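Heads up, the thing below is written out as structure tokens.
The values are calculated or read from the model by the stated rules, or taken from the named source; none is laboratory data. This structure is a prediction, so every number in the text was calculated from the model and none was measured. For neighbour counting, all protein chains shown are included, and Cβ atoms are generated from backbone atoms with ideal geometry for every residue, glycine included.
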Amino acid sequence: MSAKTITIIKPDDWHLHFRDNGMLLETVPATARCFSRAIVMPNLVPPVVNAEMALSYRERILSARPNGSTFEPLMTLYLTDKTTPADIRAAKKAGIVAVKLYPAGATTNSDAGVNALDTLYPVFEEIATQNMRLLIHGEVTSKDIDIFDREKVFIDRYLCHLTRQIPELKFVFEHITTSDAVDFVLESSANVAATITPQHLLMNRNDMLDGGIRPHNYCLPVLKRSSHQLALRKAVQSGSKKFFLGSDSAPHEKNKKESSCGCAGCYSAWSALELYVQVFEELGALDKLENFTSRNGPDFYGLPYNKEQVTLVRKEWQVPESIVLPDGERIVPFYAGQTLQWQIAN
Ligand SMILES: [Zn+2]
């Protein structure tokens, strides 16, 4: 007989995008509904490049929490070519837990990102010294590299070198999408971990391109072929401590997704946890769920497990077709209109 309820330690989301200002009134409550903490991406306009900006962003997030919520945002710094070891020390003092590396131009609002990785090695060393985490969007951005190959080329060009040069640096290879990334993480030391999104576990590029372009399934790194999807599913099924939950929930207004040049990102905050449960159930791996959602992440970051629990019940419900923002704009959530099998009990 299959389970009717699942109770787990309340999870954290180790990678997401809240955006800013009015959007926070939508994104923060959506995440606080089922996550205790979240690693908040710093790719605002302008990017969050120093401790002062991170602390004021944190205040804006805290004031968007629903009444009584104890949700805690974990703040990150946006690495640029100009970041110095002194910036890292100041960030650590301010309670910032991680530093985000975007290769310039890799995704939404990443124009200020890093052009030359090698020149930043003193900064990476300081991140290791301060016992902070480096979060890596692991794709090259050169236009001559095929978009489906960019993750593998990034591993070959940069990550292999980085792990050899600074083995003590703890970094998260974020939102991995390929069997190459799974292999790299498994073959690396315990200082290398990875997050995996619901969309990369649930879909492959056919779900984006077969029978018409589906802009709401377009994200970066882009969905890959099914053999890579299967490798990601095997990775979470294995129960390895190196993989943990990072939804990469990333809202864009409907008109910016459904456009002749649509934005990348899936807004999954309203369904991510339920979709992960669905995946683990399909894989016959529900016994591995709680480590993936609630223990592997805190262990890698050296943070305590959450004290609260969350219960999911087996109950069909439909993800809304769209969500109206406070300013009247709409967002189409990930899996809009589709029926899910699990729901959070309140
Ligand atoms: Zn992201």
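Anything in region 151-209 that is among the acidic types (Asp, Glu) and within 16 Å of the ligand (Cβ to nearest atom)? List them, or say none. Outline the logic, then answer.
Pass one, region 151-209, residues among the acidic types (Asp, Glu): 151, 156, 168, 174, 180, 183, 187, 207.
Scanning region 151-209 gives Glu151, Glu174.
Have a look at Thr70, Thr31 and point out the one that is modelled with pLDDT of 95 or more and either surrounded by 15 or more Cβ atoms within 10 Å (Cβ to Cβ) or aliphatic (A, V, I, L, M) (or both). Before you say what the answer is, go through the steps one by one.
Details: Thr70 fails: either surrounded by 15 or more Cβ atoms within 10 Å (Cβ to Cβ) or aliphatic (A, V, I, L, M) (or both).
Checking each option against the conditions leaves just Thr31.
Please specify each residue of region 240-271 satisfying the condition of being under 26 Å from Lys315 (Cα atoms) and away from the ligand (no atom under 13 Å from the Cβ).
Hits for region 240-271 are Phe244, Leu245, Trp270, Ser271.
Residues Thr163, Thr177, Thr195: which one is in a strand (DSSP E or B) and of a type outside the set (A, V, I, L, M)? Walk me through how you get there before you give the answer.
Values: Thr163 fails: in a strand (DSSP E or B); Thr177 fails: in a strand (DSSP E or B).
Only one candidate qualifies: Thr195.
Mind telling me which of the residues Asn131, Asn109, Asn67, Asn50 ends up being of a type in the set (S, T, N, Q) and in contact with an Asp or Glu (Cβ under 7 Å, 6 or more places away or on another chain)?
Working: Asn131 fails: in contact with an Asp or Glu (Cβ under 7 Å, 6 or more places away or on another chain); Asn109 fails: in contact with an Asp or Glu (Cβ under 7 Å, 6 or more places away or on another chain); Asn67 fails: in contact with an Asp or Glu (Cβ under 7 Å, 6 or more places away or on another chain).
Only one candidate passes the filter, namely Asn50.
Does region 39-50 contain any residue that is surrounded by 15 or more Cβ atoms within 10 Å (Cβ to Cβ), touching a helix residue (DSSP H, G or I) at 6+ places or on another chain (Cβ under 9 Å), touching a residue at least 60 places away in the same chain (Cβ under 8 Å) and more than 28 Å from Asn296 (Cα to Cα)? Working first, answer last.
Initially, region 39-50 is screened for residues surrounded by 15 or more Cβ atoms within 10 Å (Cβ to Cβ), giving 39-44, 47-50.
Right, trim to touching a helix residue (DSSP H, G or I) at 6+ places or on another chain (Cβ under 9 Å) and you get 39-40, 42, 44, 47-50.
Subset that is touching a residue at least 60 places away in the same chain (Cβ under 8 Å): 39, 44, 47, 49.
Then keep just the ones that are more than 28 Å from Asn296 (Cα to Cα); that gives 47.
Looking through region 39-50, at least one residue is surrounded by 15 or more Cβ atoms within 10 Å (Cβ to Cβ), touching a helix residue (DSSP H, G or I) at 6+ places or on another chain (Cβ under 9 Å), touching a residue at least 60 places away in the same chain (Cβ under 8 Å) and more than 28 Å from Asn296 (Cα to Cα).
If I go through region 132-154 residue by residue, how many of them are in a strand (DSSP E or B) and closer than 14 Å to Leu220 by Cα?
Step one: filter region 132-154 for residues in a strand (DSSP E or B), giving 133-136.
Narrowing the set further to residues that are closer than 14 Å to Leu220 by Cα leaves 136.
Qualifying residue count for the region: 1.
Between residues in region 90-113 that are over 13 Å from Leu79 (Cβ atoms) and touching a residue at least 12 places away in the same chain (Cβ under 8 Å) and residues that are among the polar types (S, T, N, Q) and within 12 Å of the ligand (Cβ to nearest atom), which pairs lie under 8 Å by C-beta distance while being six or more apart or on different chains?
Within 8 Å, the pairs are Val97/Thr76; Thr107/Asn43; Thr108/Asn43; Asn109/Asn43.
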